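To start, the structure itself, in structure tokens.
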């Protein structure tokens with residue numbers, strides 16, 4: 001480019017001078033026109049070459065774009081929802097013309113074509129249960145959201161659906177009769193994701209705009225691509241080698257791939273062994289995953305998003321309305337600026353079925369949750385309701401004021417700790433130190449993630465920060481005695497490097513449990529198990545069990561490092 005630019009500029013000036021001289025000569029002698037025409041011809045030839053080169057670059061760019069499009073969207077399976085009937089009305093836009101968005105996320109339990117161990121025996125082949133189902137409501141203004149888990153064992157009405165092709169001897173579309181009351185995950189197994197959508201709509205009265213179905217392979221690849229997800233295991237740990245395969249000691253761990261799959265699938269090693277304890281662990285995992293994606297810039301990095309999409313595409317099923325780059329980019333844009341504090345994770349209110357203790361039925365406030373979301377109202381008593389307000393009429397307390405959430409911890413700088421996002425690196429070489437510090441900061445409302453190990457042995461704890469984050473760095477430093485502050489234009493985010501003088505409250509192993517809670521968390525006043533998106537990952541966990549499998553298989557839990 002430099003070599004071309006130099007002579008080109010010189011020749012342009014030369015041409016101008018010659019043309020001026022030729023014009024003067026022509027007035028007296030009529031000479032010089034041949035030289036000017038020759039130079040003009042060379043200039044036209046040069047422009048043609050540049051034009052051809054630019055066209056070539058354009059063709060290559062379009063080709064790569066087409067290749068990327070085909071590589072991703074050519075492998076994603078899509079299903080149209082246009083055949084569904086008797087659907088609820090679409091969400092209405094607010095005064096600013098913004099419209100809420102409702103997305104059903106389904107974890108496919110199919111074993112067909114999946115990689116990994118502990119996925120069940122041959123009796124599971126051909127099934128496609130939705131043991132994980134979350135209805136994600138994004139508010140019209142995209143300032144808050146509710147992620148409502150629907151228990152797989154919840155007894156709900158199911159409308160008539162088209163049967164899944166390939167079950168048993170089914171080779172063509174047949175109808176599955178509706179039911180006045182059946183387990184929720186039967187809808188997915190019998191009629192696939194479109195039947196699950198129809199069942200959610202009939203149960204909640206909420207129009208589902210999109211669905212995303214992710215299977216075991218896609219989930220494992222996703223957790224690998226983001227570098228693992230932090231989870232917290234309550235004491236005495238999880239010891240379930242015979243079912244999910246998960247064996248983890250208490251405390252904070254980073255899980256990915258097969259181990260992450262074991263974590264979100266485990267139920268025999270947690271709570272009462274039912275799906276309900278597993279749901280709470282999945283909610284903690286999901287909140288931790290979102291915080292990592294939003295804090296490390298993944299949601300705004302097109303290269304990383306492309307890699308993730310490319311890796312999981314073959315194992316995703318979406319509705320046809322999402323099967324395009326424009327729709328996917330729009331969806332990511334809807335959540336990239338969402339503050340985790342205003343994300344509320346709830347379990348649809350339930351109570352145990354008096355006729356079958358292995359099943360649950362809608363409980364008190366079940367309808368109220370869907371009424372609030374249908375009206376695009378934050379759940380009363382939640383952080384979002386406190387921050388943005390809610391209509392008194394949507395509160396079952398008949399006009400009672402929403403419960404105020406505790407004030408977040410605030411540093412002397414005036415910046416609340418809940419506004420601080422930091423990456424924690426270990427500068428001491430102590431195994432698990434960064435994870436312990438993250439759990440401690442998490443409990444104070446700081447949005448912290450584990451970074452990596454810093455070579456050497458740092459005697460001093462250091463906080464480095466880029467331009468524009470001095471206030472946040474000061475807030476964090478005020479909470480960590482002995483830490484040294486340093487502005488560093490070479491870092492992209494606020495970073496805490498733990499040194500030998502790190503305070504004990506950061507370096508001691510956390511003692512997570514169901515009774516612990518995060519500063520600034522809030523629960524809705526409706527009767528729903530809940531956690532806030534900025535809540536410590538070690539809080540609101542189910543009571544663990546100290547055996548794996550069935551009660552008769554009790555074993556002592558081995559000490560397992562994080």
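Please work out if residue 536 is within 24 Å of residue 338 (Cβ to Cβ), crowded, with 20+ Cβ neighbours inside 10 Å, modelled with pLDDT under 90 and touching a strand residue (DSSP E or B) at 6+ places or on another chain (Cβ under 7 Å). I'd like the intermediate steps shown before the answer.
Details: within 24 Å of residue 338 (Cβ to Cβ): yes; crowded, with 20+ Cβ neighbours inside 10 Å: yes; modelled with pLDDT under 90: yes; touching a strand residue (DSSP E or B) at 6+ places or on another chain (Cβ under 7 Å): no.
When the stated conditions are applied, residue 536 does not pass them.
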Got at least one residue in region 387-394 being at pLDDT 85 or above and closer than 30 Å to residue 180 by Cβ?
-> no
Looking at region 436-502, what strands (runs of 3 or more DSSP E) fall wholly within it and have at least 3 residues that are more than 25 Å from the chain's Cα centre (by Cα) and touching a residue at least 24 places away in the same chain (Cβ under 8 Å)?
-> 462-465
For region 156-171, how many residues meet the condition of being part of a loop (DSSP other than H, G, I, E, B) and modelled with pLDDT of 55 or more?
-> 6
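Is it the case that residue 379 is modelled with pLDDT of 85 or more, in contact with a strand residue (DSSP E or B) (Cβ under 7 Å, 6 or more places away or on another chain), within 28 Å of residue 447 (Cα to Cα) and part of a helix (DSSP H, G or I)? Steps first, please.
Details: modelled with pLDDT of 85 or more: yes; in contact with a strand residue (DSSP E or B) (Cβ under 7 Å, 6 or more places away or on another chain): yes; within 28 Å of residue 447 (Cα to Cα): yes; part of a helix (DSSP H, G or I): no.
No; evaluated as a whole, the condition is false for this residue.
Filter region 177-203 down to residues that are farther than 17 Å from residue 132 by Cβ and either assigned to a helix (DSSP H, G or I) or touching a helix residue (DSSP H, G or I) at 6+ places or on another chain (Cβ under 7 Å) (or both), then give me how many there are. Walk me through it before giving the result.
So the first thing to find is which residues in region 177-203 are farther than 17 Å from residue 132 by Cβ, and the list is 177-182, 190-191, 194, 198, 201-202.
Now drop any that are not either assigned to a helix (DSSP H, G or I) or touching a helix residue (DSSP H, G or I) at 6+ places or on another chain (Cβ under 7 Å) (or both), which leaves 190-191, 194, 198, 201-202.
Count: 6.
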Residue 307 versus (1) surrounded by fewer than 18 Cβ atoms within 10 Å (Cβ to Cβ); (2) within 27 Å of residue 437 (Cα to Cα): which is the lone unmet condition?
-> (2)
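Per-residue answers, yes or no, for (1) at pLDDT 90 or above; (2) under 28 Å from residue 384 (Cβ atoms); (3) more than 19 Å from the chain's Cα centre (by Cα):
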residue: 309; (1), (2), (3): no, no, no
residue: 325; (1), (2), (3): no, no, no
residue: 332; (1), (2), (3): no, yes, no
residue: 335; (1), (2), (3): no, yes, no
residue: 344; (1), (2), (3): yes, yes, no
residue: 347; (1), (2), (3): yes, yes, no
residue: 351; (1), (2), (3): yes, yes, yes
residue: 358; (1), (2), (3): no, no, yes
residue: 364; (1), (2), (3): no, yes, yes
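The values are calculated or read from the model by the stated rules, or taken from the named source; none is laboratory data. Everything numeric in this text was worked out from a predicted model, so none of it was measured. Glycine also receives a Cβ, built like all others from the backbone with ideal geometry; neighbour counts cover every protein chain displayed.
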